Amino acid sequence: MTILLATKGWDLDRWTKMLSSGDPPQRVVRGSSPADLEQARYAVVWQPEPGLLGRCPRLEVIFNMGAGVDAILKDPTVPTRIPLVRIVDANLTMRMTEWIVMQVLLHHRQTLAHEDNRRQRIWRDVEQPAASAVSVGILGLGVLGQDAARGLRAIGFRVLGWSRSPREVAGVRCFHGPAGLDAMLAETDIAVCLLPLTPETRGLLDMKLFRKLRRDGPLGGPVVINAGRGGQQVERDILAALEDGTLKAVSLDVFETEPLPAESPFWDHPKVLMTPHVAADSEPEALSRYVLEQIARHQRGEPLQNVVDRSRGY
Ligand code: NDP
Ligand code: OXD
């Protein structure tokens, strides 16, 4: 069987080697010639060129090499009759939890204030609340949100979580739906976004939402952390909220435009911690193994796992 590999900006030789090493061995093609596309039965993609998947007449499964599938769903030429499988992988999940816990702790332990003092050679204590006094509200209680909640609970934070449908997660106060969001925000000191990008979540992180966060919490102002997608944040509102004190600080891993343009004010903003969309990577070895296992299931006639529900958009 032939796998079409189309992963923007990745080490294609390494991926080709791993994907072709399955049992039985799979043939990997990387081009976009009509002959390659004609043969492809499986596609392994990350942000593929728009129109590419629509030109593969014999495709049986699309594997998206990330957890979020927004880049594929926005291409109207991708055939909807073909199952779209996303990544759910312990390696990726663990990395995201590390990043979220790290960012929450950086704000909780007043790192920006200490860095500011350090630059001015000021030796000063900054008041430190206990983790149990700080509420972290996670927007998105899926695979990643639930694992991040577990990590934050282990340190002692109060954890709240919000989803579309009702959820029960041990140690987490759960909210759902539009009404649930306001109730959660009113108690949230640090809001963490781990939502998929859908029409409902686009632009959700705006001034209106920031104003609903708890104002009298122990950190001296609310904090927003976004590792979902840049399309969920209104960047001019983030900058205005940092300016007028609606937000104390933010951590951003994702941006409206990626790579972040050189002229963006985020690069050197004193209230911003940022990383270049690297909150959770997954090792090519782990992802290739996952794809090959799923292909084997498909060839044995067993159901694929983690198939995206296109009607929900995630
Ligand atoms: P899941 O599909 O497992 O979980 C998504 C969660 O979001 C669910 O709890 C879902 O609710 C909730 N949700 C979706 N729409 C809404 C809505 N309109 N209102 C309220 N809740 C909503 O996804 P993952 O946890 O695996 O991944 C989440 C996202 O993280 C990805 O889509 C991707 O955008 C981002 N990501 C970013 C990475 C990075 O490096 N920055 C790496 C990996 C992922 P319900 O439970 O009811 O279905
Ligand atoms: C993902 C990502 O969706 O890395 O997995 O952004």
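FYI, it's all coordinate maths here, none of it is from the lab. Predicted model only: the values in this text are computed from it and were never measured. Cβ coordinates were reconstructed from backbone atoms using ideal geometry, including for glycine residues, and neighbour counts include every protein chain displayed.
Here the spin labels are modelled as points 7 Å beyond Cα on the Cα-Cβ line, and at ARG58 and ARG300 they lie 2.5 nm apart.
Charged side chains reduced to their Cβ positions (Lys and Arg at +1, Asp and Glu at -1) give region 54-98 a dipole of some 220 debye around its Cα centre.
For the chain, the calculated P(r) over all alpha carbon pairs, in 10 Å bins from 0 to the bin holding the longest distance, is 6, 25, 30, 21, 13, 4, 0 percent.
Rounded to 0.05, the FRET efficiency of the ARG81 and ASP182 pair, given R0 = 35 Å and the Cβ-Cβ distance, is 0.35.
Dimensions of region 25-111 based on its C-alpha atoms, expressed as ranges along the principal axes with the largest first, amount to 57, 32, 22 Å.
If you take the C-alpha gyration tensor of region 60-174, multiply each eigenvalue by 5 and take the square root, what semi-axes do you get, largest first, in whole Å?
Details: eigenvalues 267, 71, 25 Å².
Semi-axes from the Cα gyration tensor: 37, 19, 11 Å.
What translational diffusion coefficient, to the nearest whole µm²/s, does region 134-191 have by Stokes-Einstein, given a Kirkwood radius computed over alpha-carbon pairs, a temperature of 37 °C and 0.692 mPa s viscosity? In µm²/s, the coefficient is 302. Taking the chain as the region of interest, the number of lysine pairs whose Cα atoms are within less than 19 Å, with members eight or more places apart or on different chains, is 5.
From largest to smallest, what semi-axes in whole angstrom does region 1-43 give when each is the square root of 5 times an eigenvalue of its alpha carbon gyration tensor?
On the way: eigenvalues 48, 42, 8 Å².
Equivalent ellipsoid semi-axes, largest first: 16, 14, 6 Å.
Between SER20 and ILE155, the simple spin-label model (points 7 angstrom out along Cα→Cβ) gives 4.4 nm. Sites listed here are GluC sites (Glu not before Pro) in region 27-127 whose DSSP assignment is loop and whose Cβ has at most 14 other Cβ atoms within 10 Å: GLU127.
Summarised as an ellipsoid, region 90-152 has semi-axes of 29, 13, 8 Å, derived from the eigenvalues of the Cα gyration tensor scaled by 5 and square-rooted, with the largest first. For the residue pair LEU12 and ARG27, what label-to-label distance in nm results when each label sits 7 Å from Cα along the Cα-to-beta-carbon direction? According to this spin-label approximation, the distance is 1.7 nm.
Express the C-alpha Rg of region 160-273 as a ratio against the empirical globular expectation 2.2 N^0.38 Å, rounded to two decimals.
Values: Rg = 14.0 Å, N = 114, 2.2 N^0.38 = 13.3 Å.
Output field value: 1.05.
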